[in-house]
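The values are calculated or read from the model by the stated rules, or taken from the named source; none is laboratory data. Bear in mind the structure is a predicted one, so any value in this text is a computation, not a measurement. Every residue, glycine among them, receives a Cβ derived from its backbone with ideal geometry; neighbour counts consider all protein chains shown. Just the protein is used for accessible areas: all its heavy atoms, side chains included, with ligands, DNA and RNA removed. Shrake-Rupley method; radii C 1.70, N 1.55, O 1.52, S 1.80 Å.
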Amino acid sequence: MSIDWSHFTPISAAAGGLLIGLSVAMMLLLMGRIAGISGIVGGLLRPRNAGDAMWRLAFILGISLAPLVYRLFAELPEIHIDSSWLSIILAGILVGFGSRLGSGCTSGHGVCGLSRLSPRSVVATATFMGTGFLTVFAVRHLLP
Amino acid sequence: MIILLSFSIGLIFGLGLIVSGMGDPVKVLSFLDIAGSWDPSLMFVMGGAIAVGFVAFRVGGRRNVSFLGKPMQIPLLKQIDLRLVGGSALFGVGWGLAGICPGPGFVLLGFGAMKGAVFVLALLVGMFIYEAVSRLIASPRP
């Protein structure tokens, strides 16, 4: 292992993290809910009533419009998606299915769950980080 | 009112993802590539978010209703089972394949990235498969 100092951005990373934390805190203290993206999206496929669908859609719209709002104040950072179309499709299906089966993703387990010291979330986070590390290792260092 | 609040909470989350650099899948993959040249930034994102989240859950964890009078809906499950571990394992494989998890998927959609849009579609397909399978298992055979 060697640290990539040229791309390591601890300050902006922590600043963005604080914003994510603020969002999590508002969701909990005002809405009484966990800011878990997979749970919020997944709930749309299991509709209860119109009001339940509306707050979920509004939240997802908020995340999706973030780049447009960011652009009003500063130049958007560049994004790079190197993965092939096939990898993207397979990744999306696995992320969607796996996060629902495991009851959470990086936000629900990784941020909210660890924040409330939930043993289930500690196990979930260790597991998805582990298989994430292994997958990248296989793709970048084992496959030709 | 709640709709506008929910929109704002989502917007702040999305802005946090952009500021932190986690909207860029290559940066996330650089975190997951511990055998290559490693970018530990994602640890600092989680650290910042958990620092605020920890305080929020200390304050909110014992309340029955939120500060707006909404019922607190915090998961009560305790058991660590195959669903949790298996689901998380599959999620991690998908995360490692593209460097995109659900939140950044929607941010990439907003960036106007075609691959972001395709990821979100595939994400919804994966969630739909989960719903279909769990309904199949829950209902007795005719």
Answer from A:S107, A:S83 - the residue that is farther than 20 Å from A:L19 by Cα and out of contact with any Asp or Glu (no Cβ under 6 Å at 6 or more places or on another chain): A:S83
Hits in the stretch B:105-124 (condition: open to solvent by 10 Å² or more (accessible area, probe 1.4 Å) and in contact (Cβ under 8 Å) with a residue 60 or more places away in the chain): B:F106, B:G110, B:F111
Test: residue in the stretch A:63-73 that is out of contact with any His (no Cβ under 7 Å at 6 or more places or on another chain), surrounded by fewer than 24 Cβ atoms within 10 Å (Cβ to Cβ), more than 7 Å from chain B (Cβ to nearest Cβ) and in a loop (DSSP other than H, G, I, E, B): no
Only one of A:A58, A:A124, A:A66, A:A53 that is without any contact (Cβ under 8 Å) to a residue 12 or more places away in the chain and either more than 23 Å from B:S66 (Cα to Cα) or among the β-branched types (V, I, T) (or both): A:A66
Residue check for A:G42: closer than 24 Å to B:A122 by Cα and at the interface with chain B (Cβ under 7 Å from one of its Cβ atoms): yes
Qualifying positions in the stretch B:68-78 - open to solvent by 70 Å² or more (accessible area, probe 1.4 Å) and within 21 Å of the chain's Cα centre (by Cα): B:Q73, B:L76, B:L77, B:K78
Given (1) part of a helix (DSSP H, G or I); (2) of a type in the set (A, V, I, L, M, F, W, C); (3) under 17 Å from the mean Cα position of the chain (by Cα); (4) under 29 Å from A:E78 (Cα atoms), number of the condition B:F128 does not satisfy: (4)
Matching residues, the stretch A:83-114, being under 16 Å from B:M127 (Cα atoms) and more than 7 Å from chain B (Cβ to nearest Cβ): A:G104, A:G108
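A quick yes/no check of all residues on (1) of a type in the set (D, E); (2) open to solvent by less than 80 Å² (accessible area, probe 1.4 Å):
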| site | (1), (2) |
| --- | --- |
| B:G36 | no, yes |
| B:D39 | yes, yes |
| B:G60 | no, yes |
| B:S66 | no, yes |
| B:I80 | no, no |
| B:G94 | no, yes |
Any pair with Cβ under 6 angstrom, 6 or more apart, that starts in the stretch B:9-22 at a residue that is within 7 Å of chain A (Cβ to nearest Cβ) and ends at one that is not in a helix (DSSP H, G or I): B:L17/B:G23; B:G21/A:T9
Filter result for the condition that a residue is closer than 26 Å to A:P10 by Cβ, among the aliphatic types (A, V, I, L, M) and part of a loop (DSSP other than H, G, I, E, B), over B:A35, B:A49, B:A56: B:A35
